[in-house]
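Visitor: Below you'll find the structure I mean.
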Amino acid sequence: MAFEVCCVIPTPENAGVSPEDPRLSRIIEGIVSIAAGDLTTRIPVSPDRDQIDAVSTGINLLAGELNDMYQDMEQRVQNRTRELQAAHAQMQQMALSDPLTGLANRTALMQEVEVVLAGWDGSDTAPAVLMIDLDGFKEINDSFGHRAGDLVLQEVAARLLASAPEESVVARLGGDEFAVLLPAAGRLSALVTAETIQSALCVRTVVQELDVWPRASTGIHLAEPGQSAEELLLCADTAMYEAKEAGPGLVRSFEPVMLYARQLRREMASDLRNAVERNEFRLAYQPVVDLVTGQMHGVEVLLRWEHPTQGLTMPDSFIPLAEASGAIVGIGRWVLRTALEQLAAWRADGQDREGFHIRVNVSASELQSMDLVDYVRGVLRDTGTAPQDLVLEITESALVGSGDVETYSMQALKALGVRLEIDDFGTGYSSISYLRRLPVHAVKVDRELIAEISRDKGQLRFVDAVHRLIQAAGLEAVFEGVETAQQAAMLQEMGCCHGQGYYFSRPLTAGQTGALLASGDRLPLATEPLVAEQLPA
């Protein structure tokens with residue numbers, strides 16, 4: 001730092017001093033030093049207190065003031081620098097942490113994985129990643145609200161931190177997905193950590209005065225030589241999805257075959273998106289029978305997929321994938337339109353029966369579509385179908401977890417005249433209260449409830465109580481999975497009105513269903529199943 005200092009130097013002529021006075025030299029040296037930036041320089045003052053001493057004193061005062069100004073400026077710069085450094089550190093912290101839980105985020109986790117992989121010597125004690133995904137978290141959000149969901153996520157984060165090893169890195173990757181990085185672990189120690197975390201998570205927690213038992217599916221993968229951070233996380237993620245598909249609350253370690261299975265699912269998801277345009281879907285129709293008369297009360301529409309390489313594929317194999325990939329809405333709308341067009345074709349050919357209903361399944365995703373009601377109204381109009389002839393079957397879990405959009409859709413569909421039916425009743429969140437609350441007309445009791453009624457009197461009494469409960473709610477009941485004459489007879493003795501199952505008929509083709517409608521024949525009430533399923537090529 002340099003300063004320009006201007007002053008009048010006393011001369012022998014104006015100060016009455018000798019040119020040889022050494023104080024003049026000290027003044028010049030002091031000025032040079034101050035000008036060079038040394039503001040601590042001070043010029044000695046003699047006891048004479050003459051003009052030369054006055055000039056020296058003035059220069060010293062000026063240097064002192066400049067030094068004070070410089071020190072103040074330096075302090076401000078240092079303070080500002082610290083503020084900027086603190087702000088930068090805070091921004092880095094925000095960029096590398098999850099704002100809800102305070103855990104590391106995906107970016108921070110990736111950085112840590114890259115560091116531990118770079119420092120790994122290839123020994124058996126390797127970096128490991130545990131990928132953790134909560135089971136049923138959507139139901140918590142749907143049932144209790146997003147605020148409750150956030151509280152659960154915060155509680156889960158705290159439990160992960162408390163149960164993971166001290167040297168590990170715990171991260172929230174987004175939504176209800178978490179990860180734990182173990183910098184050095186063996187296969188057994190990684191599995192023990194996963195089981196410890198599982199035990200910590202499943203302990204009851206109270207959220208807004210409601211009891212919640214969080215569960216999670218966990219995938220584990222230990223690093224392999226030459227593996228990148230992205231590959232390590234991908235393998236752990238793949239193992240986690242395998243655990244989730246196998247059942248809630250399970251732990252799976254990565255195996256190479258899992259990647260192949262994941263690739264197959266990815267390819268099938270891609271095929272699903274094009275299956276409608278390629279005309280690969282087929283419909284089958286399973287009769288719903290009046291248990292008293294044996295007459296066909298209606299049919300449930302069942303979807304089949306003629307996969308180009310895998311052949312005939314049942315819905316259990318592709319419907320969950322369609323829901324996960326978002327393809328289910330387009331598929332569901334194709335099913336609805338095709339089924340109602342088929343109903344119109346039967347009627348045009350004189351193949352009709354009074355009170356005949358066609359039942360079409362509606363997924364939770366479809367129920368969340370804002371334009372579902374308009375689409376249903378348009379298809380009814382285009383096919384000339386009366387609204388009361390259409391029954392939309394909605395799974396029990398989708399109904400119980402319904403939010404504002406789903407509730408609006410159900411109420412609007414009911415106002416339109418479409419009949420709504422709870423599907424798979426007894427397998428999910430069966431509740432007395434929602435039977436009265438939801439705008440539905442009928443309940444389809446799941447096959448699991450009647451499977452043992454011919455051998456278990458206690459189960460028979462239970463099914464009878466369920467039937468009475470449904471009747472008390474003012475709803476109709478349909479029992480699916482009827483496979484024997486004895487089951488049909490027991491249901492009839494209970495006063496049950498409608499049944500569906502292989503005892504009466506396996507799923508039929510459109511042609512077989514039309515012929516049965518036209519014939520007016522009764523389906524068997526005490527004989528073997530009518531016909532095996534046949535689909536057009």
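The values are calculated or read from the model by the stated rules, or taken from the named source; none is laboratory data. This one's a predicted model, so the numbers in the text were calculated from it and none came from an experiment. All Cβ positions, glycine included, derive from the backbone under ideal geometry; neighbour counts span all protein chains shown. SASA here: full protein model, heavy atoms, side chains in, ligands and nucleic acids out. Shrake-Rupley method; radii C 1.70, N 1.55, O 1.52, S 1.80 Å.
Visitor: Mind listing whichever residues of the range 203-220 are more than 14 Å from F137 (Cβ to Cβ), of a type outside the set (A, V, I, L, M, F, W, C) and open to solvent by 10 Å² or more (accessible area, probe 1.4 Å)?
Guide: R204, Q208, E209, D211 - these are the residues of the range 203-220 that are more than 14 Å from F137 (Cβ to Cβ), of a type outside the set (A, V, I, L, M, F, W, C) and open to solvent by 10 Å² or more (accessible area, probe 1.4 Å).
Residues checked against (1) open to solvent by 80 Å² or more (accessible area, probe 1.4 Å); (2) modelled with pLDDT under 80; (3) of a type in the set (S, T, N, Q):
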| residue | (1), (2), (3) |
| --- | --- |
| P44 | no, no, no |
| D53 | no, yes, no |
| I59 | no, no, no |
| Q78 | yes, no, yes |
| H88 | yes, yes, no |
| L96 | no, yes, no |
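Visitor: Residues in the range 373-381: is at least one among the aromatic types (F, W, Y) and farther than 20 Å from P439 by Cβ?
Guide: So in the range 373-381, the residues among the aromatic types (F, W, Y) come out as 375.
Still in the running and farther than 20 Å from P439 by Cβ: none.
Within the range 373-381, none of the residues are among the aromatic types (F, W, Y) and farther than 20 Å from P439 by Cβ.
Visitor: Does any residue of the range 189-202 turn out to be among the β-branched types (V, I, T), free of Cβ contacts under 8 Å to residues at least 60 places away in the same chain and surrounded by fewer than 21 Cβ atoms within 10 Å (Cβ to Cβ)?
Guide: Looking through the range 189-202, at least one residue is among the β-branched types (V, I, T), free of Cβ contacts under 8 Å to residues at least 60 places away in the same chain and surrounded by fewer than 21 Cβ atoms within 10 Å (Cβ to Cβ).
Visitor: For S317, indicate whether it is polar (S, T, N, Q), surrounded by 14 or more Cβ atoms within 10 Å (Cβ to Cβ) and at pLDDT below 85.
Guide: no
Visitor: Is it the case, given these coordinates, that A518 is among the hydrophobic types (A, V, I, L, M, F, W, C), surrounded by 14 or more Cβ atoms within 10 Å (Cβ to Cβ) and modelled with pLDDT of 90 or more? Don't jump to the end; show me each part of the working.
Guide: On the way: among the hydrophobic types (A, V, I, L, M, F, W, C): yes; surrounded by 14 or more Cβ atoms within 10 Å (Cβ to Cβ): yes; modelled with pLDDT of 90 or more: no.
No; evaluated as a whole, the condition is false for this residue.
Visitor: Residues of the range 274-292 being assigned to a loop (DSSP other than H, G, I, E, B) and either charged (D, E, K, R) or within 22 Å of W346 (Cα to Cα) (or both), which ones? Break it down stepwise before answering.
Guide: Taking the range 274-292 as the starting set, the residues that turn out to be assigned to a loop (DSSP other than H, G, I, E, B) are 276-280, 291-292.
The answer is E277, R278, N279, E280.
Visitor: Quickly run through the range 101-115 and pick out the residues that are open to solvent by 30 Å² or more (accessible area, probe 1.4 Å) and more than 13 Å from E177 (Cβ to Cβ).
Guide: G102, T107, M110, Q111, E112, E114, V115, listed by residue number.
Visitor: Looking at A171, A162, A261, A229, which one is in contact with an Asp or Glu (Cβ under 9 Å, 6 or more places away or on another chain) and either free of Cβ contacts under 8 Å to residues at least 12 places away in the same chain or surrounded by fewer than 18 Cβ atoms within 10 Å (Cβ to Cβ) (or both)?
Guide: Exactly one residue qualifies, and that residue is A261.
Visitor: Another question about this same structure. Checking R353 against (1) in contact with an Asp or Glu (Cβ under 6 Å, 6 or more places away or on another chain); (2) at pLDDT below 90; (3) not hydrophobic (A, V, I, L, M, F, W, C), which test does it fail?
Guide: For R353, the failing item is (1).
Visitor: Here is a further query. Tell me yes or no: at least one residue of the range 288-296 is hydroxyl-bearing (S, T, Y), surrounded by fewer than 19 Cβ atoms within 10 Å (Cβ to Cβ) and free of Cβ contacts under 8 Å to residues at least 12 places away in the same chain.
Guide: no
Visitor: Is it fair to say E306 is in a strand (DSSP E or B), open to solvent by 40 Å² or more (accessible area, probe 1.4 Å) and either free of Cβ contacts under 8 Å to residues at least 60 places away in the same chain or out of contact with any Cys (no Cβ under 9 Å at 6 or more places or on another chain) (or both)?
Guide: yes
Visitor: Assess whether R282 counts as being closer than 25 Å to H498 by Cα, of a type in the set (K, R) and either touching a residue at least 40 places away in the same chain (Cβ under 8 Å) or surrounded by 18 or more Cβ atoms within 10 Å (Cβ to Cβ) (or both).
Guide: no
Visitor: Any residue in the range 66-77 that's touching a residue at least 40 places away in the same chain (Cβ under 8 Å): show its pairings with residues that are loosely packed, with under 11 Cβ neighbours inside 10 Å at Cβ separation under 7 Å, as long as the two are six or more apart or on different chains.
Guide: Listed pairs, sorted by first residue: Y70/M1.
Visitor: Ok, one more. Checking D38 against (1) within 30 Å of L153 (Cα to Cα); (2) modelled with pLDDT under 85, only one condition comes out false. Which one?
Guide: For D38, the failing item is (1).
Visitor: I would also like to ask the following. When you check G417 against the structure, is it open to solvent by 50 Å² or more (accessible area, probe 1.4 Å) and of a type in the set (G, A, S), yes or no?
Guide: Against the criterion (open to solvent by 50 Å² or more (accessible area, probe 1.4 Å) and of a type in the set (G, A, S)), G417 does not qualify.
Visitor: Right, something else. Is there any pair with a first residue in the range 323-336 that is among the acidic types (D, E) and a second that is surrounded by fewer than 19 Cβ atoms within 10 Å (Cβ to Cβ) whose Cβ atoms are under 9 Å apart and which are 6 or more apart or on different chains, and what are they?
Guide: That search, which allows pairs on different chains as well, returns E323/S363; E323/A364; E323/S365.
Visitor: Do we find a residue being open to solvent by less than 10 Å² (accessible area, probe 1.4 Å), closer than 23 Å to M131 by Cα and either without any contact (Cβ under 8 Å) to a residue 40 or more places away in the chain or part of a loop (DSSP other than H, G, I, E, B) (or both) anywhere in the range 237-248?
Guide: yes
Visitor: Hey, another quick one. Take Q411 and tell me if it is touching a Gly at 6+ places or on another chain (Cβ under 9 Å), open to solvent by 10 Å² or more (accessible area, probe 1.4 Å) and outside any loop (DSSP other than H, G, I, E, B).
Guide: no
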